[in-house]
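Undergrad: My questions all concern the structure below.
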Amino acid sequence: MTRDPDKPIVTVLTAPDEPEPPGIDAVRDMAEVRFASDESSLRQTLPGTQVMMVTDFRTEALEAAWPSADRLEWIHATSAGVDALMFPALTDGPVTVTNAQGIFDRTIAEYVLCTILMFSKDFPNSIRLQQARQWKHRDTERAQGKRVLVVGAGSIGRQISRLVQSIGMKSHGIARRARDNDPDFEAVHSNDSLKEQLGLADFVVVAAPLTPQTEGLFDRDMFRAMKKEARFINIGRGPIVQTNDLVDALKAGDIAGAGLDVFEEEPLPEEHPLWSMDNVLVTAHMAGDFIGWRGALTEQFVDNFGRWKAGESLFNKVDKKLGYAAK
């Protein structure tokens, strides 16, 4: 079949056996759409491709097929984090990268608020007691007035801050630089202040992207800097946390509990000790995934694709050196 020379070429990189993204027909109206699911098929689809939509972040396939990209101008990642997508040729080259910032912010914030309330109201024990058919009255904590430290005061961090403040919690943020008079936080502190701020927080929420600066950030010393009554919540990226140090901190009582949606190794192995800890909540990297999220991701790409075709500036541009979309 002869291709239309007036239509740009878009390659969609998906996981093997993954169905087409819902709503992709809207792109077909404006472009020739090709699909790839591994290195071999990607090498075939990349020549002539100007735009990529990446739903599968197996860096090895993209990096290996990269020499076949002869006209590529823009890659859109259907996730907020782009760490798994970055490799030197992409980072150092001229290809623009955008991400899905904004799609998952609110639902991730809802997840964090839910986790805070589950710990405050002792729901994990209530569920265990219900399963055992045991009636056991307890007093529980008030969330109001407690201090939340959001490590990563970007768009997701802002939504988290707004929600926890709505129930009377005190929200502080950590960012590359301190910010005065931020409308969404009581205060935003610099990275250099992290250890000091950890010792003041009742809940510590990791909402930072994975970068060389954040990889392995939460280690034994960081957990020991926290209050013994504090709970740790990670909805950022698994490798930001040194898992063995977290397990040791939980066993030693250095912190009171953890709510974890992301892990260094995913899926979390069945034999991992985190599964059986009464003071740990585990979910399967799903904090932001809501019913209809795949369609919402495609809609966002279609909107940005329309801007690209019109020669307009793209939104959600990633600073490839920083590793995230900086506002």
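FYI, it's all coordinate maths here, none of it is from the lab. No experiment lies behind these values; they were computed from the predicted model shown. Cβ placement follows ideal geometry from the backbone for every residue including glycine, while neighbour counts extend to all protein chains displayed.
Undergrad: Name the residue, out of W293, W135, W66, whose mean-square fluctuation peaks in a Gaussian network model built on the chain with Cα pairs under 10 Å.
TA: Taking springs between Cα atoms under 10 Å, the residue moving most is W135.
Undergrad: Same structure, new question: Considering only DSSP beta bridges where both residues belong to the range 105-282, give the percentage that are antiparallel (nearest 5).
TA: Numbers: 1 of 26 bridges.
Of all bridge pairs located within the range 105-282, approximately 5 percent are antiparallel.
Undergrad: Hey, another quick one. Evaluate the distance, in nm, between pseudo-label points positioned 7 Å from the Cα of Q134 and of E299 along their respective Cα→Cβ axes.
TA: Modelled inter-label distance: 4.6 nm.
Undergrad: For a Förster distance of 25 Å, can you work out the FRET efficiency between the beta-carbons of T91 and K7, rounded to the nearest 0.05? Please report the intermediate quantities before stating the final value.
TA: On the way: r = 29 Å, r/R0 = 1.17.
Computed FRET efficiency for T91 and K7 comes out at 0.30.
Undergrad: While we're here: For T96, enumerate residues with amide H under 5 Å from its amide H, sequence gap 5+ or separate chain, H modeled in the peptide plane.
TA: Here W74, I75 satisfy the definition.
Undergrad: Looking at the chain, what % of its DSSP beta bridges pair antiparallel, to the nearest 5? Walk me through the numbers on the way to the answer.
TA: Values: 3 of 44 bridges.
For the chain, the DSSP antiparallel bridge percentage is about 5.
Undergrad: Right, next: Tell me the net charge near A296. Cut-off is 13 Å between Cβ atoms, A296 excluded, with +1 for each Lys or Arg and -1 for each Asp or Glu. Could the numbers behind the result be given before it?
TA: Values: positive: R106, R294; negative: D105, D289, E299, D303.
Here the count lands on -2.
Undergrad: Hey, what angle do you get for helix 155-166 against the long axis of the chain, alpha-carbon based, 0 to 90 degrees rounded to 10?
TA: Between the helix axis and the principal axis of the chain, the angle is about 30 degrees.
Undergrad: Please quote Rg/Rh for the range 233-286 to two decimal places, taking the Kirkwood radius as Rh and restricting both calculations to Cα atoms. Could the numbers behind the result be given before it?
TA: Details: Rg = 10.1 Å, Rh = 11.1 Å.
That ratio is 0.91, to two decimals.
Undergrad: On to the next question. If I model a spin label at E266 and E196 as a point 7 Å from the Cα along the Cα→Cβ vector, what separation in nanometres do I get?
TA: Calculated label separation equals 3.4 nm.
Undergrad: Calculate the all-directions average of the projected area of the range 105-282's alpha-carbon convex hull, and give it in nm². Let's see the in-between values first.
TA: Numbers: hull surface 41.1 nm².
Spelled out: convex hull of the Cα atoms, projected over all directions, averaged, 10.3 nm².
Undergrad: Rounded if a/c is under 1.5, else prolate if a/b is larger than b/c, else oblate: which is the range 61-188, with a ≥ b ≥ c the root eigenvalues of its Cα gyration tensor? Walk me through the numbers before you get to the answer.
TA: Numbers: a/c = 3.99, a/b = 1.87, b/c = 2.13.
Judged from the Cα gyration tensor, the range 61-188 comes out oblate (a/c at least 1.5, b/c at or above a/b).
Undergrad: While we're on this one: What spacing in nm lies between the two simple spin-label points modelled at D122 and D70, each 7 Å away from Cα in the Cβ direction?
TA: My value for the distance between the label points is 6.9 nm.
Undergrad: Cα axis of helix 243-252 to longest principal axis of the chain: angle in degrees, 0 to 90, nearest 10?
TA: 10
Undergrad: Would you give the gap between the C-alpha center of the range 260-327 and the C-alpha center of the range 25-94, rounded to a whole Å?
TA: 17
Undergrad: Count the lysine pairs in the range 105-282 whose Cα atoms sit under 15 Å apart, keeping only pairs 8 or more residues apart in sequence or on different chains.
TA: Lysine pair count for the range 105-282: 9.
Undergrad: Would you mind ranking T91, T78 so that the residue whose beta carbon has the fewest other beta carbons within 10 Å leads the list? Kindly include the intermediate steps, with their values, before the conclusion.
TA: Values: T91 14, T78 24.
Ranked by crowding around the Cβ, least crowded first: T91, T78.
Undergrad: Under 13 Å from the 7 Å Cα→Cβ point of R176, by amide nitrogen: which residues of the range 201-217?
TA: Zone members listed by number: 209, 211-214.
Undergrad: Please compute the volume of the convex hull spanned by the alpha-carbon atoms of the range 17-59 and report it per residue in Å³.
TA: Roughly 80 Å³ of hull volume per residue.
Undergrad: Right, another one. At a Cα cut-off below 27 Å, give the lysines reachable from K7, other chains included and same-chain residues fewer than 8 away excluded.
TA: K309, K317
Undergrad: I need two numbers for the chain: Rg to one decimal and Dmax as a whole number, Cα atoms only, in Å.
TA: That works out to 21.6, 73 Å for Rg and Dmax.
Undergrad: 222 nm [θ] for the chain, helices only, -39500 (n - 2.57) per DSSP H run of 4+, per residue, to 500? Please report the intermediate quantities before stating the final value.
TA: Details: 11 runs with 98 residues, N = 327.
So the helix-based figure for the chain works out to -8500 deg cm²/dmol.
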